[in-house]
Structure formats: structure tokens, C-alpha cells
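Taken together, the values in this text are just the output of simple stated rules run on the coordinates, not laboratory data. Note that the coordinates shown come from a computational prediction; the quantities given were computed from them, not determined experimentally. Every residue, glycine among them, receives a Cβ derived from its backbone with ideal geometry; neighbour counts consider all protein chains shown.
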């Protein structure tokens, strides 16, 4: 089937409403329509007007929770919302729709049917919906709790709002076939708060935390996470505090990210990871309450995961809360590192949807893409190949050159990969220079189609390594005892067992970057674990410049090149090289250099610029497999 022009469908197909098969199977499932709903009309609303901002928020939340429910067992509903990014005007959702419905797409044979209105959505999918969960604008955390409840009980999230035309009035306050009964209320029916930050937390025997925000999360922990009604998949997403100041950024509400976790019955939160200040969104709470509740959530998820690893999708909402950018006391990077440090102490790793590129839609569709058992890369170089390529002398000694390998990041977020792959992977310069693409393998949970597409279209100069810090962003130094914050037993074995199958499927033998952050450096047992699942090498922050764990080489991570023009970035690359650049170094040098969201053409051009200025410096750009094979040989392995 040829690639589909979505706009042609918008103009030419009638909305499909009516009877809906609850659980189609076999041939019927293969021919059931893929329904399509366009949310881009919400960009026309004026977010400086509170009523219009609320209208946009409500529809996004309603649709995202509905989408997660209906896509749980089968990809049924695709939405259009992420139609641009900071990189440019490529329609991201169209790009991925074409990918999954193109000739090789896993939904190529499914007819596409456009739904024009919310009524069409509800009518089409009403058999899969058990009703609604109603949340409270006056306690913004209840928006996240509503998404947790939505996934656990198949309920669409609706804000309590009695104004004419509201979704509450349309789908809860009236009788008829489209009515969604309010099965769970996170606000009293008269609109007064259920969670007040005083007395006993409703529905529990626990005393209030002193914070309505935190009480709502404790209620959800007791009712859903501890009972097993929610899974140990966690989501750290900005709550309805977004409505206080949308900043003109509709995508940053992050509501379209909710569908995956709703489909997976996940648990949502949004809490400050510092205990030395009160959060800007809840300044009257007792200091440290947010972090205490965060630790309670992480511990409950750890127990739910049977002491294994816990995924967290999302990130510190630093543009809106918790940092100096938004009135807090700590810088954004410091707050990122603090959160990862705390999370790592509970065996939790991030799929880190960080600010500005964090909006993602349709993960509940993409997650269904089938994958092969293995995706082999080319064979690793042996000494004979290294000698044939001129890196090893006939006597077995390493030729002294400045060996540089590029860690091409940051791809520790499914949302980032979703948004930037159309620009960076599809850059025409790809293949002109050896690059190591650090696509974290755990991203296959939400965007397997991107990882599969990369392997299918890779050139001989495209190598794949694990990104920070393996099969998920974690501080591995927090896995070893004693573990600050949690006091839990060692998580090193759990991390090893988590990473092994990911590395095996994607034929990953190098971990390109271990972020230590505020955590201690890796101890001997943790480094042995990396040598086990990443046997060809790894780079980290808090290690010796070069070393070996058994036969596994490692290096200290080099500098980050700035996201800047070619002239500036090439000067930074040149500055990272050692010694007199008028000639080769007296001994082999090894530099693992990190780049962030840069095109292959940019890498090619900065290398050409450096070589043009210092042509005799013996600068050698190599892939990661070659790089670490040379390090091993240099160290006598």
C-alpha cells in the first residue's frame, strides 16, 4: 500500500460512528478501522484567556485518557496533535502515521476512518468506557490522579465544571446514550474539595500530610498502587498547574503523553524531589512533604515490581515548577540530577521526556508494533581487521593517533526520539562519518517503530550503542549499598537482569555514557555488572581516564560539544584534543565526545573544520566498536 496522505482522508472520508467490536481477533482485527481524531484545532485557542486554556486542557485530557483505554489491547485510535517542534515545521504525527501505514508499516492494511467530533469519539468507543473520573481544578494534582484512575478503571478524565458547554455538562450532567456516569469523584459533587490537607485522608485511615496535593497522591497510592490496580509503570508529568500559566505552550501540558500509561494502567505523579524547600505550587505544605510522598510512591512501585526495576516516563517540569526558572531555589540540571539520584535509590530508571521536546502522542498505538527477536549489528573488529585498517603495526602495537568516537545523544526519551528523528536521522549527511547513535533500548516500550526503522535504514557508518545509562537513565552508583533515601538492598543484580534482554535483542555491547550525577561512582560489583551486559566497553563520569574490568575496557567520558554553529563547535572539538596538534601524539589518545541533538552533516562539517586547521594532528574518527577494541588492545587486553 502506498503511503497515506492524511489530509486526503480528512477531506474525503466520513466520520465512522456506530457499532464497535469490543475485542476483535484474527482477520476481523486486521480489517477493523484505525480511527483518526484531529486535535490540532486546539492551537487556535487563545491560551492567555483562562476559559480557552481550560477548554484546550479538558479536551486533550479527555481524548488522551480515552485513547489509552481503547488502545490497550489493539491499536484503534490515532490522534493528530504534535504537528511541529522546536526543530521546524515537519508534522511529527503525520510522519509517524505514514511510517506505520506505509508499505512496510504494521498497520498498512488497516483502513483509516476519521472521527470529526468528541461525540463521534464517545459514540464509537462507548462500549469500552465504563464512565468518568471527575477531578478538581482547585487541587491540580487530582488531574494526575484522574489519569491513574482512568487507566485502572477504564474511565475518561473530566474536570468538574458546571459552566455551559463544558465536558462535564456535556457528558456527565445530561442523560442519553453518550452519558459517562461519574464512577469516581476526586471532588465533591457540589464542587468543594475532597482533599483539603487536614484531618484524615478520605477513604483511608491515614492522617493528612498537611497538603491537599500530597493527600491526593497518598489516596491514590493506597487505593491503586498498593492494591495492584495500578502497575509499577510511573509517569512524572506536569499536573493541572499548567493552567495557572500556560506560557503559550499547549504541547507542554503533556496530556497527549498520558495515553501510554493509561493503556498500561500506570501511576502518575508530579512532586518536588528536594526536601530543603517547599514547592512553588504548594508553598504552605510542611517542608519536605513532596519528597516524602515521592519516596513513598517509589517504594510502593518497587514492591509492586517485586524488587525489580521500575520505569518512570517523564521528567522534572522545570519550566513550570521546582527550579530557579519557575521560582524555586535549585537550578534545572541540579534538580534533574537530584530526582534521578532519588529515583535510582528505589531501582527506578527514566524514559526522560524533558522540557521543550517532551510532547508525544500515540505511544499507545506505536507500542503494538511487532519486533524481531534480534537486530544484529555488523561483526566486531578483531586485531587482523584493525591491522588492515592501519590502526595496528605489524608488531602488534597501536598506531599513535587521536582516536575520537562520537556519542550521539540524547535519546533517553521516547518523546525526544519521536520529535527529532524526522530531522536528525533523516539528515542527508548520515553515513558520511562514523556515528554512534545512543538510542536507549528501553524506548522500545513506547516507540519500537523508531528503533526498528533505524536498524532497517542504517548505513555502514551508523553504529548503535546504549545511551545513559543503559536500558534507561539511572545513576548506577545508587544501586549499591548503602543506598541513601531508600535503605534498600542492592539493586545491581536487578539492573543487570533488566539490561541483559534489551542489549541482547538490539545487539548492544557498548554503553556510551553512564551518568553518575550526584550519586557515588560505580563500585566494583556495579562495574562488573556493566562488563557482563556491555562487554565491549563503557564510558562514565566518575571512573579513571582508562581502565579494564576483566576484558571490558572503559574510559572517562569526555566533554560535551556545544549545540552551536560549526565554527564554534569545531573549536570546542579541537580544544578537547591533547598536546601539540602539529603532529601525531606520542602515545595513542582516546576521546569519547558527547553531542546533543546534532545532525550527521554537522558532525561531518566540524570534523572537516578541525582537520582543515590541524591537518597533521592524526585525528581519527572511529565507531564505538573500533574505539573500545583499540582501548582494550592499548591496555593489554
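Observations
- Sorted ascending by nearby beta carbons within 10 Å, beginning with the fewest, 309, 522 become 309, 522.
- Rounded FRET efficiency, nearest 0.05, which uses the C-beta distance separating residue 44 from residue 108 and R0 of 41 Å: 0.80
- Mean-position separation - Cα centroids, the stretch 91-107 and the stretch 485-532, in angstrom: 34
- Straightening the chain between residue 563 and residue 356 buys 73.0 nm, computed as 0.36 nm per residue apart minus the Cα-Cα spacing.
- Using a Förster distance of 60 Å, the FRET efficiency for residue 387-residue 73 (Cβ separation, nearest 0.05): 0.65
- Between residue 505 and residue 126, the simple label model (points 7 Å from Cα in the Cβ direction) yields a spacing of 3.8 nm.
- Contour minus Cα-Cα distance for residue 229 and residue 188 (0.36 nm per residue): 12.5 nm
- Rounded to the nearest 5, the antiparallel percentage of DSSP beta bridges internal to the chain is 15%.
- Binned Cα-Cα distance frequencies in the stretch 225-295 - 5 Å width, integer %: 3, 15, 20, 19, 20, 16, 6, 0
- What the Cβ-Cβ distance of residue 380 and residue 331 gives, at R0 = 30 Å and to the nearest 0.05, is a FRET efficiency of 0.15.
- In whole percents, the pair-distance distribution calculated for the stretch 293-413 from its alpha-carbon pairs, binned every 5 Å from zero, is 2, 8, 11, 13, 13, 12, 9, 8, 10, 8, 5, 1, 0.
- Dimensions of the stretch 6-366 from C-alpha coordinates, computed as largest minus smallest value along each principal axis and given longest first, are 57, 45, 45 Å.
- In nm, spacing of pseudo-spin labels at residue 544 and residue 481 (7 Å Cα→C-beta vector): 2.8
- All-pairs Cα distance distribution in the stretch 28-72, expressed in whole percent, bin size 5 Å: 5, 18, 23, 19, 14, 9, 7, 3, 2, 0
- Cβ crowding within 10 Å averaged over residues, with 72-84, 191-203 ranked highest first: 72-84, 191-203
- Share of pairwise Cα separations in the stretch 383-634, more than 29 Å, in percent: 29
- Estimated D of the chain in µm² per second, where Rh is the Kirkwood radius over Cα pairs and Stokes-Einstein applies at 37 °C, 0.692 mPa s: 128
- Shape of the stretch 548-597, Cα gyration tensor, a/c cut at 1.5: oblate
- Evaluated on the stretch 138-245, the Kirkwood hydrodynamic radius is 14.8 Å, with distances taken between all distinct Cα atoms.
- Gained length - residue 373 relative to residue 51, 0.36 nm times residue gap less alpha-carbon distance: 111.0 nm
- Distance (nanometres) between label positions extended 7 Å along Cα→Cβ at residue 580 and residue 204: 6.9
- Computed Kirkwood radius, in angstrom, where 1/r is averaged over Cα pairs of the stretch 264-308: 11.5
- Residues 330, 313, ranked from the fewest to the most other C-beta atoms within 10 Å, line up as 330, 313.
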